[in-house]
Every structure is written in structure tokens, then in C-alpha cells.
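What follows is a single structure, written as C-alpha cells, with notes after it.
The values are calculated or read from the model by the stated rules, or taken from the named source; none is laboratory data. Note that the structure is predicted; figures quoted are calculated from it, not measured. Every residue, glycine as well, gets a Cβ built from its backbone with ideal geometry; the counts of neighbours run over all protein chains shown.
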Amino acid sequence: SGHETFPNVIRMVASGRLDLSPIITARYSLEDAVTAIAQSTKRQDGKIMVLPNG
């Protein structure tokens, strides 16, 4: 059922059976977080990540 889907997906990602990297279309350093937020409003990327350590 639907309420079981999210925990199952979390387990699959954690175990490496589900690779989400293809949907990450942009990565920004923490210093560029404002740029990342501005980019996200354009809705051109799948998933934008802001990485605290660059």
C-alpha cells in the first residue's frame, strides 16, 4: 500500500539497489545556495543539490 512505499524506497536507496544520481541535474556549493534557489524557481532541473562541503 502507499504508506509502505516511502520506507521501501529509502531502504532501496540505502542498500544501493536504487541509484538516484541520474535525476540530480545540478549541484551547488553552500556558497552558491542563493544561485541554486534561483535556479530551482525556473523548474528546468530535476533535482538540485546544495552540498555543504562543496
Mind telling me which of the residues Ala26, Ala38 ends up being of a type in the set (A, V, I, L, M, F, W, C), modelled with pLDDT of 80 or more and surrounded by 12 or more Cβ atoms within 10 Å (Cβ to Cβ)? Ala26
Do we have Thr25 as among the β-branched types (Val, Ile, Thr) and part of a helix (DSSP H, G or I) here? no
Does Leu18 fit the bill of being under 15 Å from the mean Cα position of the chain (by Cα) and either β-branched (Val, Ile, Thr) or at pLDDT 85 or above (or both)? yes
